[in-house]
Amino acid sequence: MKKRIALIAAGVLVLSAGVYFSTTLWAQTPAAAPAQPVQTRIGILNMGYVLKNYNKVDSFTAEMKEHYNRFDASMKAKKTEIEARQKQAADPKYKAEEREAITKEITKLQREMEDVNNDMKKFFNEKNEQQMVIVYREIQEAAARYAMAHNLDLILTHIDAINEADYLNPRNVMDKMMTRTCLPLYYSKGMDVSKEIVLSLNANFKAPAATPTTTPTTTPTTTPR
């Protein structure tokens with residue numbers, strides 16, 4: 001009987017010790033820290049500011065102006081020639097068959113003007129599309145480089161006034177209120193990375209070499225004999 005009591009007492013002692021050490025260890029183990037909310041860093045890019053200040057856009061604009069001037073000079077030359085032929089057709093000194101030949105030449109020149117005009121529209125549409133894609137991809141790549149270098153998770157693009165005078169312009173306010181898209185209503189000024197990205201774009205941009213200007217050739221005016 002005494003032996004059985006001793007075994008029971010020993011079992012209680014071991015159980016008590018186990019409970020003690022378990023409780024002590026649990027009390028000494030630090031509680032897990034609460035999960036921190038995910039912090040997202042966002043940059044804001046004003047596309048209007050970038051397009052106005054990116055030097056390549058100015059270069060493309062100058063290139064398109066040069067192409068336009070070349071087409072315009074060709075159109076003006078043909079228009080001048082048509083006007084000269086119309087005066088000939090109205091001159092009574094020319095015979096009926098001569099005036100008929102002049103009229104046919106006028107029709108030919110007018111069709112040539114239409115062809116030049118159509119070629120100009122097609123050229124500018126294709127060129128504008130090419131330049132737009134080039135500029136957009138370069139801005140996108142520059143934004144990605146900036147985001148990775150500055151630990152940004154997101155850069156949002158929007159179009160807004162680039163100076164305080166135009167910010168509250170009624171037309172600008174109306175566009176902002178009617179645009180069906182996600183635009184920032186408020187953001188910290190430090191989040192706007194438009195200027196820094198323009199500086200990055202311009203630093204990597206090399207202006208094209210100047211191309212010699214060419215004078216468009218015109219069809220010489222011939223007077224029927």
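Derivation of every value follows stated rules applied to the coordinates shown; laboratory data play no part. None of the values given here were measured: they were computed from a predicted structure. Using ideal geometry, Cβ is built from the backbone for each residue, glycine included, and neighbour counts are taken over all protein chains shown.
Some values worked out for this structure:
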quantity	calculated
Over 23 Å between alpha carbons, listed pairs Lys87/Lys122; Lys176/Lys206; Lys52/Lys206; Lys127/Lys195	Lys87/Lys122; Lys176/Lys206; Lys127/Lys195
Cut-off under 5 Å, modelled amide H: who pairs with Thr157 long-range	Leu45
Proxy reagent accessibility, fewest Cβ within 10 Å first, across Ile197, Ile134	Ile134, Ile197
Rg [Å, one decimal], Dmax [Å, integer] - the stretch 42-204, C-alpha atoms	25.5, 83
